[in-house]
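Inspection log for the structure reproduced underneath, given as structure tokens.
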Amino acid sequence: MCMSNPFNPAARQCRPLFFLMAIATITFSDVKAQSKNPYSYQDLSQLFYGKQKDSIKKNWSCPALYTDKNTQKKYKEIWDSRTDFITGAMENNNYVFQQDIYNYLSGIIEDIVKKNSKLIPGKPILLIDRSAAANAYAIGGNMIVVNLGLLSFAKYREDIAFVIAHELSHNIFNHADNFMKEKAQWLTSDEYKNSLNAVLDSKYERFSRLKKVFEGYSFNRSKHQRYHESDADSLAIVLLKQSNIPFDASFFLRLDSSDIQYKQPLQKPVKEYFTAYSLPFEDWWTQKRSKGLSTKNYNFRDTTGLQDSLKTHPECKDRYAKSLSLSDINAQHTAVPASIQETANKMLIWNMYDNMSLTACLYRILLEKDKGNTDSWYDFMLHNIFAGLYYNDRQLHRFNAISVTPKEYISQNYYELQNMLEQIPRETLEQYYKGLMNQGFWQHQTADAKGLKNFMSTMILDPTDSDKVKAVAAKEFLTSYSTSMYCEFAEHFKKK
Ligand SMILES: [Zn+2]
């Protein structure tokens, strides 16, 4: 796992990438009542792992490996940047502790660790990353991180078990640790210094020659990483067999499609999702009128896949072919519990909202409607989307809030929604916002959801648009609903 493409919308929030790149580059109708929130504000990593953060800083001290001063110094720099990455991500609330998901993943980890005690000395520290990418990562230090996106994407417990075993294998092989050593050695090697000096001595084309030095290094890196990936796959299969967890190579084929989540079409025309709330709709909103990126010749119908270079998980077909013979063909598979998937999904949708990726957020909500999900929480989130868009329009940030995704990754319907959010006139946007404020679904909402509605309306309808009014309203929300997961949103307006 862990190889990812930065331009992929599913991977966009894949923060480990920053670490990897940093070390790879040198320097209605019948509405169900809403259930309780999946987590509280205090479960976000900044607060939940407050103490753990300090103990990581203390315990992850760089070993003295090199007699050469410069190499040791470089090694320590790289080592500390890894610690900073993980503690920084904790501070940034990139992780969340959600009890049910944690227990579910812990159960899988225990099954594997118990039966492989010779290879895995102790139970690793498990973190849950809020990224939507169907991925997981290991950065050494007996820690593994699983993304919410994997829980919402994977079909079977065995799929998740494989991904976890793959990450445990990276740690068993010390891949992250070895990489840090290799990098420190290379950056302080004579070979590196000489090639750098040769570039600096040359009068011409310094930049392109410099690039070549770096590219040579990252080429070796990615070739290396490919071996690491296939080593981790092989050992993962061994770990699973040892734990009596069946392995199914066709998981790789499913994983191959994890990037085309936004390529699936909706079941109904876009219009019908909105007229269901008695909201107005005009077809021209969904058609791009302005200039800019031309989609005239673009064929959204080709949903067969993406080029490998655009994928979060390249080489899935190779990985499938390599491991097919090791598949347990007749094994029974256990579906990921629907409640776990729903929890992960809600958390992802909320996270996308809080990051103001409104199109992706809206699209995921409509996909839930397509599944026949009648949980009124999704109606509440639809309200939030139009409240957020209306607010951002006033702040002249509408375009940012839509968070445009390149057409290679999306379906015709996604493109239409994106256009709609961009082009719907301001007056109609106001109609949408106000229309959604007065719907039957509100009676099923939790107190903090209703509180968030009031907070938003204070901000949006304040004629003076003053930061002070916003800050007061935010503080009021934070005091009244101090454990609500929605506090995260109110926090943005507190400091201003
Ligand atoms: Zn991997």
Pull up all non-local amide H partners of Asp129: gap of 5 or more, or a different chain, and H-to-H distance under 5 Å with H placed in the peptide plane. Val146, Asn147, Leu148
In debye, nearest 20: dipole of the chain around its Cα centre with unit charges on the Cβ of K, R (+) and D, E (-)? 920
Sorted largest first, extent of the chain alpha carbons per principal axis (Å): 69, 64, 52
If you place +1 on the Cβ of every Lys and Arg, -1 on the Cβ of every Asp and Glu, and leave all else neutral, what size is the dipole of the range 341-428 about its Cα centre, to the nearest 20 Debye? 140
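How much length would be gained if the chain were fully extended between Asn103 and Tyr204, taking 0.36 nm per residue of separation minus their Cα-Cα distance, in nm to one decimal?
That works out to 30.4 nm of additional length.
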³J(HN,Hα) across the range 194-206 via Karplus (A = 6.51, B = -1.76, C = 1.60, θ = phi - 60°), whole Hz, x for Gly/Pro? 5, 5, 5, 5, 4, 5, 5, 6, 6, 7, 10, 6, 4
Just to check I understand the Karplus step: with θ = phi - 60° and J = 6.51 cos²θ - 1.76 cosθ + 1.60, what whole-Hz values come out for the range 352-364, glycine and proline as x? 5, 5, 4, 8, 6, 9, 5, 5, 4, 4, 4, 4, 5
Reachable lysines from Lys494, criterion Cα separation under 22 angstrom, eight or more residues apart if same chain: Lys450, Lys453, Lys468, Lys470, Lys475
Along the charge dipole of the range 16-257, pointing to its positive end and built from +1/-1 on Cβ of Lys, Arg, Asp and Glu, which listed residue (Ser117, Ser61, Tyr95) has its Cα farthest out? Ser61
Quick one: net charge of His333's neighbours, Cβ under 11 Å, K/R +1, D/E -1? -2
Kindly provide the pair-distance distribution of the range 28-185 built from C-alpha pairs, with 5 Å bins from 0 and whole-percent values in order of increasing distance. 2, 8, 16, 18, 18, 16, 10, 6, 3, 2, 1, 1, 0, 0, 0
Leu200 neighbourhood, Cβ < 14 Å, K/R = +1, D/E = -1, net charge +4
Beta bridges per DSSP with both ends in the chain, % antiparallel, nearest 5: 50
Residues with beta-carbon under 10 Å from that of Trp442, excluding Trp442: net charge, scoring Lys, Arg +1 and Asp, Glu -1? +1
Can you list the trypsin sites (Lys or Arg not before Pro) in the range 349-414 that are in a DSSP coil and have 11 or fewer other beta carbons within 10 angstrom? Lys371
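Size of the dipole of the range 16-257 about the Cα centre, Lys and Arg at +1 and Asp and Glu at -1 on the beta carbon, nothing else charged, in debye to 20?
Dipole size: approximately 500 debye.
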Please list 3J(HN,Hα) in residue order for the range 456-465, calculated via the Karplus relation 6.51 cos²θ - 1.76 cosθ + 1.60 where θ = phi - 60°; whole Hz, with x for glycine and proline. 5, 5, 4, 5, 6, 8, 5, x, 7, 6
Once Lys and Arg get +1 and Asp and Glu get -1 on their Cβ, which of Leu417, Gly435, Gln395 lies farthest toward the positive end of the dipole of the range 367-451? Gln395
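Could you please rank Leu253, Leu348, placing first whichever residue has the fewest other Cβ atoms within 10 Å of its Cβ? Don't skip to the answer; put the middle values down first.
Details: Leu253 13, Leu348 22.
Exposure proxy ranking, most exposed first: Leu253, Leu348.
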Projecting the Cα atoms of Phe214, Phe173, Gly141 onto the charge dipole of the range 16-257, where Lys and Arg contribute +1 and Asp and Glu -1 at Cβ, the residue farthest towards the positive end is Phe214
As a check on your grasp of the helix formula, calculate [θ] at 222 nm for the chain: sum -39500 (n - 2.57) over DSSP H runs of n ≥ 4, divide by the residue count, round to the nearest 500. -18000 deg cm²/dmol
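Just so you know, all these numbers are worked out from the coordinates, no wet-lab data involved. Quick caveat: nothing in here was measured; it's all calculated off a predicted structure. Ideal geometry is used to build each Cβ from the backbone, glycine not excepted, and the neighbour counts take in all protein chains shown.
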